[in-house]
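Read the structure below first, then the notes.
The values are calculated or read from the model by the stated rules, or taken from the named source; none is laboratory data. Computed from a prediction, not measured in an experiment: that's the story for all the values here. Using ideal geometry, Cβ is built from the backbone for each residue, glycine included, and neighbour counts are taken over all protein chains shown.
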């Protein structure tokens, strides 16, 4: 079983589309880990799949 982590953009950021949120994640921008509220980035999830929320948190996309 594979677990994935749901992340939301930090610092009031919002991304309009999937391409923008994936690019921000890969650039190391800060996100918030949903269960704990802690700030995190790609450095914290190397090799793991994460789910990124975007478009006013209404949409979600997987990224590895």
Exercise. Among (1) free of Cβ contacts under 8 Å to residues at least 12 places away in the same chain; (2) surrounded by 11 or more Cβ atoms within 10 Å (Cβ to Cβ), which single condition is residue 26 missing?
Worked result: (1)
For this session: Give the residue that is farthest from the chain's Cα centre (by Cα), with candidates limited to residues of the stretch 52-64 that are under 15 Å from residue 11 (Cα atoms) and exposed (fewer than 15 other Cβ atoms within 10 Å of the Cβ).
Result: 56
Exercise. Identify, please: which residue in the stretch 35-51 is closer than 18 Å to residue 64 by Cβ, free of Cβ contacts under 8 Å to residues at least 40 places away in the same chain and out of contact with any helix residue (DSSP H, G or I) (no Cβ under 9 Å at 6 or more places or on another chain) and is, among those, surrounded by the most Cβ atoms within 10 Å (Cβ to Cβ)?
Worked result: 40
Seminar exercise, completed: Of 15, 39, 25, the only residue that is more than 20 Å from residue 59 (Cβ to Cβ) and touching a strand residue (DSSP E or B) at 6+ places or on another chain (Cβ under 7 Å) is 39
Problem set entry | Filter pass, residue 15 being surrounded by 15 or more Cβ atoms within 10 Å (Cβ to Cβ), touching a helix residue (DSSP H, G or I) at 6+ places or on another chain (Cβ under 9 Å) and assigned to a loop (DSSP other than H, G, I, E, B) | yes
Exercise. Does residue 29 satisfy the criteria of being more than 11 Å from the chain's Cα centre (by Cα), at pLDDT 95 or above and part of a loop (DSSP other than H, G, I, E, B)?
Worked result: no
